[in-house]
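Quick notes on the structure that follows.
The values are calculated or read from the model by the stated rules, or taken from the named source; none is laboratory data. What you see is a predicted model; the values in this text were computed from it and never measured. Note: ideal-geometry Cβ built from the backbone for every residue, glycine included; neighbour counts use all protein chains shown.
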């Protein structure tokens, strides 16, 4: 009688680990790819086909994400519920959700039709928090997800830079100077990848892995700089400063990288870099620099929104309809969104919505700061929390200027869900890890 070989328990465990890892990459790779799929038509070209309308006002991307979220909830709940939202975020989140409901009914009462436009990204992002929380629920899973995210960012950056070198690019704002890319969320994600890879490189002890992280940081950071988007410059600068200032080891390396990068940009685009910096001067408007010709329009955009807020100071305008513009008619005759987070939230969700928005972010920053300082946690979790804190603060601050609030963009809501869902799950796991934490 022939004997049947028994499967070694160690082999079985290893196969289970590899299987779960493969499933994780299969689930996360499409989500990371979505971040780099252009949602809005811009100077780069049309929106990605996944954002086309499908049925009943829903887009193809909406159906895909809703299916993914529903499947994850069915798989994870209730036996394997992978995370708990920190208590400090529950009350402000529910308060803001209530203002969304109120703004929808208020908008419908005033003739609004497209009532999902402004907060659809928030709804999808909230569901994706569950998805990321399920698949990134332990430190080793977080390290794997970070590497996958950075690889996707690096591949996209290399592709953009190679096609730019071969003659592609966009001629916009910079008076005929060709820049590699314009889509704001993609450039913002490259900035996040730059600081994330740099921070993980500081903690890495293996030389090849450290060089890999540094190379990714260099590629993505360089792309974010030479695209000449001022908001993304601000994000990259603020996030880097927040991360580097407390870390003595990082200061010299970051200073050397900054000097080397600045010299390189000055060499390949002489004069343009300096002129773009001058465009931050808002007092002189168009006279400050030839590259500041959008400043007056952005200020007019804010003033037009302020006129509407004065008309609806308590309840806001609600959802579903636009307002006529007065100062920026050469840009747009009607507006659905103001390029300023505070004014946008006040305009659509009223004063209570604005207070909930500020309350939520204040508590979120405190929580991320606490996780990033907790020496009892896994080192990779602390580092990821530090980067998330720096990036979220940078997003919040830069959106106080001339940029839309990030929660209106599906691409940005996906990456925010990645950061928060992963950290929520890792800080309070519900199921045992599949591998030892030292793996």
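One table, with the values for the structure above:
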item	result
Only listed residue being under 30 Å from residue 357 (Cα atoms) and at pLDDT below 80, chosen from 33, 76, 47	76
The range 8-36 residues that are closer than 22 Å to residue 185 by Cβ, paired with ones that are part of a helix (DSSP H, G or I) and at pLDDT below 70 (beta carbon under 8 Å, 6 or more apart)	none
Among the candidates 158, 100, residue that is out of contact with any strand residue (DSSP E or B) (no Cβ under 6 Å at 6 or more places or on another chain) and either crowded, with 17+ Cβ neighbours inside 10 Å or not in a helix (DSSP H, G or I) (or both)	100
Any hit, the range 334-344, residues being free of Cβ contacts under 8 Å to residues at least 12 places away in the same chain, closer than 17 Å to residue 122 by Cβ and under 22 Å from the mean Cα position of the chain (by Cα)	no
Residue tally, condition farther than 22 Å from residue 298 by Cβ and either modelled with pLDDT under 85 or in contact with a strand residue (DSSP E or B) (Cβ under 9 Å, 6 or more places away or on another chain) (or both), over the range 312-333	3
Some residue of the range 138-154 being touching a strand residue (DSSP E or B) at 6+ places or on another chain (Cβ under 7 Å), surrounded by fewer than 19 Cβ atoms within 10 Å (Cβ to Cβ) and over 30 Å from residue 99 (Cβ atoms)	no
Residue list for the range 171-188, filter: in contact with a strand residue (DSSP E or B) (Cβ under 9 Å, 6 or more places away or on another chain) and either under 13 Å from residue 38 (Cα atoms) or modelled with pLDDT of 70 or more (or both)	178, 179, 180, 181, 182, 183, 184
Identity of the residue in the range 121-130, under 16 Å from the mean Cα position of the chain (by Cα) and touching a residue at least 24 places away in the same chain (Cβ under 8 Å), that ends up nearest to residue 100 (Cα to Cα)	122
Only one of 107, 191 that is buried (at least 17 other Cβ atoms within 10 Å of the Cβ), part of a helix (DSSP H, G or I), touching a strand residue (DSSP E or B) at 6+ places or on another chain (Cβ under 7 Å) and in contact (Cβ under 8 Å) with a residue 12 or more places away in the chain	107
Any hit, the range 41-57, residues being part of a helix (DSSP H, G or I), in contact (Cβ under 8 Å) with a residue 60 or more places away in the chain and closer than 30 Å to residue 385 by Cα	no
Evaluation of residue 401 against (1) farther than 17 Å from residue 416 by Cα; (2) at pLDDT below 95; (3) in a helix (DSSP H, G or I) (one fails), failing number	(3)
Set 224, 241: member being modelled with pLDDT of 85 or more, at negative phi and exposed (fewer than 15 other Cβ atoms within 10 Å of the Cβ)	241
Filter pass, residue 417 being touching a helix residue (DSSP H, G or I) at 6+ places or on another chain (Cβ under 6 Å), outside any helix (DSSP H, G or I) and in contact (Cβ under 8 Å) with a residue 24 or more places away in the chain	no
Check on residue 118, in a loop (DSSP other than H, G, I, E, B) and either under 21 Å from the mean Cα position of the chain (by Cα) or at positive phi (or both)	yes
Any hit, the range 112-127, residues being more than 28 Å from residue 366 (Cβ to Cβ), surrounded by fewer than 14 Cβ atoms within 10 Å (Cβ to Cβ), modelled with pLDDT under 90 and touching a helix residue (DSSP H, G or I) at 6+ places or on another chain (Cβ under 7 Å)	no
